[in-house]
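The structure appears right after this line, and notes come after that.
The values are calculated or read from the model by the stated rules, or taken from the named source; none is laboratory data. These numbers come from a predicted model, not from an experiment. Positions of Cβ are backbone-derived with ideal geometry, glycine not excepted, and every protein chain shown enters the neighbour counts. For accessibility, only protein heavy atoms count, side chains too; no ligands or nucleic acids. Shrake-Rupley method; radii C 1.70, N 1.55, O 1.52, S 1.80 Å.
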Amino acid sequence: MIDGPRLPQTQAWQALKTHYEESRAKTLRQLFGEDPTRGERFCAEGADLFLDYSKNLITQKTLSLLFGLARECGLEARRDAMFRGDKINITENRAVLHTALRAPRQASIRVEGTDIVAEVHAVLGRMADFADRVRSGRWLGCTGKRIKHVINIGIGGSYLGPEMAYLALRPFSQRTLGFRFVSNVDGTDFSEATRDLDPAETLFIISSKTFTTLETMTNALTARQWLVEALGQKEAVAAHFVAVSTNEAKVREFGIDTANMFGFWDWVGGRYSMDSAIGLSTMLAVGPQNFEDMLAGFHAMDQHFLTAPLESNLPAIMGLLTVWYNNFFDVQTIGLMPYASYLKRFPAYMQQLQMESNGKHVDLEGRMVGYETGPIIWGEPGTDAQHSFYQLIHQGTKLIPCDLIGFCRPLSPLERHHDLLMANMFAQAEALAFGKTAEELNAEGSPASQTPFRVCQGNRPTNVILAESLTPRTLGALVALYEHNVFTQGVLWNIDSFDQWGVELGKVLAGKIIPQLCSTAPRLDHDSSTNGLIRRYRKYNDRP
Ligand code: F6P
């Protein structure tokens with residue numbers, strides 16, 4: 001859209017505005033009443049994921065207009081530019097090529113004359129070799145003990161993906177190896193993760209794209225001290241520390257042998273990096289073959305996004321529906337409820353992916369956008385969520401579209417549990433869409449005095465994503481689905497979904513405040529609130 005009309009001036013946007021006014025009063029009950037087969041038609045399938053989007057506040061006309069908008073905004077051209085390696089992250093002048101991380105070995109993608117697919121597979125090969133050595137016990141700690149615990153130290157994209165994937169793929173993991181994740185600079189994170197571990201059996205993966213992040217470097221230094229003090233030798237670092245980074249110089253400076261470093265590239269954004277070497281902990285947990293299967297799932301969804309017409313393209317459809325709610329219904333938040341305990345951290349992972357990508361207020365030309373961009377993403381697994389916040393979704397005053405994610409086959413032998421779990425997911429989608437009317441309550445003999453309280457208006461939209469089973473391949477496809485969904489939204493909003501300048505200011509101010517927490521600090525020169533908070537902190541720590 002760089003040289004095109006601004007979003008609200010596009011023809012399709014204007015048409016959508018009119019269409020919204022004309023159709024907004026239609027309820028899901030009416031829509032299903034008028035078109036009883038919409039549940040069979042408003043579905044799409046790709047990379048072994050099935051999407052039922054029929055319980056959305058849309059008609060065929062809405063969809064046609066949204067696809068028209070996508071085309072007017074150049075979605076297909078921008079998508080092709082991303083896959084080609086054009087520098088679409090314009091504020092950082094970088095290509096955006098996480099799709100190359102899962103390209104098959106025989107593919108070729110050139111960035112500044114280099115075939116990056118060959119580089120990707122070279123790193124994958126080294127990761128696999130290392131993972132095999134650790135998993136089989138051939139990689140030993142400095143005292144000759146086998147590694148039993150792996151601690152990933154990293155934050156943001158260098159933590160959320162690895163933790164989410166480890167938990168998601170636990171049934172595929174080697175149970176003799178324990179995995180922990182230290183992200184927060186809060187010392188309790190490190191202390192709790194290490195309090196019952198034998199350093200001689202512990203391997204640290206220091207994961208940081210930049211190798212300069214305050215939290216990660218602080219935790220890494222503490223880990224090094226913890227290990228060296230316990231094992232009494234500086235040389236222990238070589239057998240107990242590996243690094244994942246793009247910054248070889250900083251890794252060397254920290255004292256990690258670069259032979260034990262696994263690299264990636266500036267064209268991989270932090271929140272798009274769980275399938276790069278940042279996924280080393282995932283590979284250690286599930287093994288190289290399962291990791292490869294996960295990459296195959298990512299790739300299958302990439303191919304779907306790249307080749308399927310918009311009309312049957314899962315990420316495009318989901319992205320367009322988000323724009324529809326976000327910009328026409330003034331929806332502020334979207335719920336994400338996986339009906340799978342193994343996907344416990346999927347919403348947290350998705351928060352960074354979506355909110356760091358699309359939380360932007362200027363367009364690609366640096367102009368204030370003048371329309372809403374990225375929604376707030378939140379969620380918890382069902383059925384737990386049903387017993388906490390679903391009430392507000394059912395009967396509150398806010399419209400909250402939700403994505404419900406479920407799997408047909410259970411991963412535990414407790415099949416009955418799985419039937420109950422999935423029955424709940426299907427029931428929630430139904431209840432949210434169709435609710436319960438006063439007439440239905442009366443017919444059931446509900447006391448009239450309770451009717452207003454018990455009526456559920458319904459008309460709450462959901463997407464249901466259904467897959468056969470939660471496997472490495474499915475997880476890859478699912479993450480790629482959301483990556484491209486986020487991309488679709490960003491293209492329509494004409495924003496840079498791949499930078500994150502907003503997080504810098506806080507980092508700079510923290511850097512200034514750190515020395516001011518000591519009593520010897522220079523005069524405080526913040527606002528009266530910040531000065532007061534710092535003084536109170538110093539007082540309780542006896543630093544007058
Ligand atoms: O603070 C935000 C951020 O830059 C994220 O985008 C990134 O995933 C995270 O910090 C961690 O960065 P790094 O991997 O360089 O330590």
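What is the distance, in nm, between label points placed 7 Å from the Cα along the Cα-to-Cβ direction at E439 and at D196?
The two pseudo-label positions are separated by 5.9 nm.
So how do 391-400, 149-158 stack up, highest first, on mean other-Cβ count within 10 Å?
The densest-packed peptide leads the list: 149-158, 391-400.
Using Cα centres only, tell me the gap between region 226-256 and region 414-457 in whole Å.
57
Among 178-187, 250-259, what's the highest-first ranking by average C-beta atoms within 10 angstrom per residue?
178-187, 250-259
Send over a whole-number figure in Å² for the accessible area per residue of region 121-272, probe 1.4 Å.
Averaged over the residues of region 121-272, the accessible area is 40 Å².
Jot down the per residue volume, in cubic angstrom and as a whole number, of the convex hull over the alpha-carbon atoms of region 387-440.
Each residue corresponds to 106 Å³ of Cα convex hull volume.
Spin-label point model (7 Å from Cα, Cβ direction): what's the E468 to D80 distance in nm?
3.3
Check I109: other-chain or 5+ apart residues with amide H under 5 Å from its amide H, H built from backbone geometry?
Those qualifying (amide H under 5 Å, at least 5 residues apart or on another chain) are I116, V117, A118.
Once you put a point 7 Å from the Cα of R24 and another 7 Å from the Cα of K145, both along the Cβ direction, what distance in nm separates them?
6.5
For a Förster distance of 22 Å, can you work out the FRET efficiency between the beta-carbons of R175 and T258, rounded to the nearest 0.05? List each step's numbers first, then the result.
Numbers: r = 32 Å, r/R0 = 1.44.
Efficiency computed from Cβ-Cβ geometry: 0.10.
Past 29 Å, Cα to Cα, is the threshold; run K17/K87; K209/K512; K26/K398 against it and keep the listed order.
Check vs 29 Å cut-off fails for K17/K87.
Output the antiparallel fraction of DSSP beta bridges having both residues in the chain, as a percent to the nearest 5. Before the final figure, lay out the partial values.
On the way: 14 of 44 bridges.
Of those bridges, close to 30 percent are antiparallel.
At 1.4 Å probe size, with every protein chain present, just tell me what the per residue accessible area of region 12-117 comes to in Å².
Each residue of region 12-117 exposes 47 Å² on average to a 1.4 Å probe.
Would you calculate a helix-derived [θ] at 222 nm for the chain, using -39,500 (n - 2.57) for each DSSP H run of n ≥ 4 and dividing by the full residue count, to the nearest 500?
Rounded to the nearest 500, the figure is -14000 deg cm²/dmol.
What full-extension length gain, to one decimal in nm, is calculated for S312 and Q9 as 0.36 nm per residue of separation minus the Cα-Cα distance?
That pair, S312 and Q9, stretches by 106.4 nm at full extension.
With axes computed from alpha carbons, what is the tilt in degrees of helix 472-493 against the longest principal axis of the chain, rounded to the nearest 10 within 0 to 90?
With both axes taken from Cα atoms, the answer is about 70 degrees.
Give me the percent of the accessible area of the chain that comes from carbon and sulfur atoms, probe 1.4 Å, all protein chains in place.
Working: 12360 of 23600 Å².
Answer for the chain is 52 percent, counting heavy atoms of protein chains only.
Taking 0.36 nm per intervening residue step and subtracting the Cα-Cα distance, what contour gain separates M368 from K539 on full extension?
Contour length minus Cα-Cα distance gives 57.3 nm.
So, by mean Cβ neighbours within 10 angstrom, what's the order for 165-177, 440-452, 343-355 with the highest one leading?
Values: 165-177: 18.4, 440-452: 11.1, 343-355: 21.4.
Taking the mean over residues of other Cβ atoms within 10 Å, the ranking is 343-355, 165-177, 440-452.
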